[in-house]
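Visitor: Structure below; questions to follow.
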Amino acid sequence: MKELMARSGLVFTGTVDQVGASTVSDVPVDERTVVVRVGQALHAPAAVDLVPDERVTVQLADTLPPLRAGDEATFFANGVVYGQDLAVAEVGRVSPQETARMAAVETGMVEHPVQAALAELAQDEVIEHARSAAAVVRAQVTGLRMVPRSGPPQEHDPHWWIATLRADLVVTGELVAPTDLSVLYANSLDVRWRHHLKPKAGQGGLWLLHPGEGASAELAPFVVIHELDLQDSIMLDVLRENGV
């Protein structure tokens, strides 16, 4: 399931409505082109609004058995045509029977196995990100200050600020708690920087700190960039269980 998720941009449950048909005029039709009525969208990009009963054209994978009208499955796919109608290329599929078996193996599972796999993938990403960090600390923001600008304004200026973190626990890194740390971050809402982590006053949790590079290293020893650089403190147990 996780392997399929890693190769797919869209995942949804659905029922085959038509075989040898398409809702998108530009998509060539053959016996492996089907129209699927969506049951539940399980994973999709923010720009794709998959809703129940929407009809999606699916080009079935050559390596999988063909489907007939009325067949149900969880489809793993990647988008081919985005617009008023959606066409996708199938990467893999899981039958309702296999989905039920997976849920039965995980005693007490109340979510779809795809959602469980998504949660595991997200957790795996945090673990790998923590392993690449120069330091991981449990800390709270105690101060925020703007770095004075020098020279004229520049396009895509990051608007550097420095957050002071009071760390009471060092998970990884050559630091000793309790300690105060200066951490650089981009406070700009420019398209290049808007998704960068922006600490808030009093904010606490696990901070995944990275070494500054180039001129930024002269401003503060650490920098936070990625949205994953701040995690809830409950992730401490997960990191420890995975050897971080």
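Visitor: Any residue at all in the stretch 201-220 that is surrounded by fewer than 14 Cβ atoms within 10 Å (Cβ to Cβ) and in contact with a Lys or Arg (Cβ under 8 Å, 6 or more places away or on another chain)?
Guide: Checked the stretch 201-220: no residue is surrounded by fewer than 14 Cβ atoms within 10 Å (Cβ to Cβ) and in contact with a Lys or Arg (Cβ under 8 Å, 6 or more places away or on another chain).
Visitor: In the set Val176, Val171, which member is at pLDDT 90 or above and within 26 Å of the chain's Cα centre (by Cα)?
Guide: After applying the criteria, what remains is Val171.
Visitor: So, Leu50, is that one modelled with pLDDT under 95, closer than 17 Å to Gln115 by Cβ and part of a strand (DSSP E or B) or not?
Guide: Taking the combined requirement at face value, the residue does not satisfy it.
Visitor: Turning to a different aspect of this structure: Looking only at residues that are within 14 Å of Ala89 (Cα to Cα) and in contact with an Asp or Glu (Cβ under 6 Å, 6 or more places away or on another chain) in the stretch 24-68, which one is surrounded by the most Cβ atoms within 10 Å (Cβ to Cβ)?
Guide: Ranking the qualifying residues of the stretch 24-68, first place goes to Val58.
Visitor: Consider the stretch 1-51. How many of its residues are free of Cβ contacts under 8 Å to residues at least 60 places away in the same chain, more than 23 Å from Pro96 (Cβ to Cβ) and under 30 Å from the mean Cα position of the chain (by Cα)?
Guide: Here the count works out to 5.
Conditions tested, residue by residue: (1) out of contact with any strand residue (DSSP E or B) (no Cβ under 9 Å at 6 or more places or on another chain); (2) part of a strand (DSSP E or B); (3) surrounded by fewer than 14 Cβ atoms within 10 Å (Cβ to Cβ).
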residue: Leu144; (1), (2), (3): no, yes, no
residue: Pro148; (1), (2), (3): yes, no, yes
residue: Gln154; (1), (2), (3): yes, no, yes
residue: Pro158; (1), (2), (3): no, no, no
residue: Ser188; (1), (2), (3): no, no, no
residue: Arg192; (1), (2), (3): no, no, yes
residue: Lys198; (1), (2), (3): no, no, no
residue: Ser233; (1), (2), (3): no, no, yes
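Visitor: Please state which one of Ala100, Ala73 is surrounded by 16 or more Cβ atoms within 10 Å (Cβ to Cβ), over 19 Å from Ile225 (Cβ atoms) and assigned by TED's automatic domain parsing to the domain that holds Ala6.
Guide: Only one candidate qualifies: Ala73.
Visitor: Specify the residue that is surrounded by the fewest Cβ atoms within 10 Å (Cβ to Cβ); the eligible residues are those in the stretch 13-23 that are among the β-branched types (Val, Ile, Thr) and not in a loop (DSSP other than H, G, I, E, B).
Guide: Thr15
Visitor: So, Glu125, is that one acidic (Asp, Glu), closer than 30 Å to Gly243 by Cβ and not in a loop (DSSP other than H, G, I, E, B) or not? First the steps, then the outcome.
Guide: On the way: acidic (Asp, Glu): yes; closer than 30 Å to Gly243 by Cβ: yes; not in a loop (DSSP other than H, G, I, E, B): yes.
For Glu125, the condition - acidic (Asp, Glu), closer than 30 Å to Gly243 by Cβ and not in a loop (DSSP other than H, G, I, E, B) - is met.
Visitor: Select from the stretch 175-186 the residues that are of a type in the set (Val, Ile, Thr) and surrounded by 19 or more Cβ atoms within 10 Å (Cβ to Cβ) and list them in ascending order.
Guide: Answer for the stretch 175-186, where residues must be of a type in the set (Val, Ile, Thr) and surrounded by 19 or more Cβ atoms within 10 Å (Cβ to Cβ): just Val183.
Visitor: Follow-up question, since we're still on this one. From the list Thr172, Thr164, which one is of a type in the set (S, T, N, Q), free of Cβ contacts under 8 Å to residues at least 40 places away in the same chain and surrounded by 12 or more Cβ atoms within 10 Å (Cβ to Cβ)?
Guide: It is Thr164.
The values are calculated or read from the model by the stated rules, or taken from the named source; none is laboratory data. Just so we're clear, the structure is a prediction, and the values are computed from it rather than from any experiment. Please note: Cβ atoms are built from the backbone with ideal geometry, for glycine as well, and neighbour counts cover all protein chains shown.
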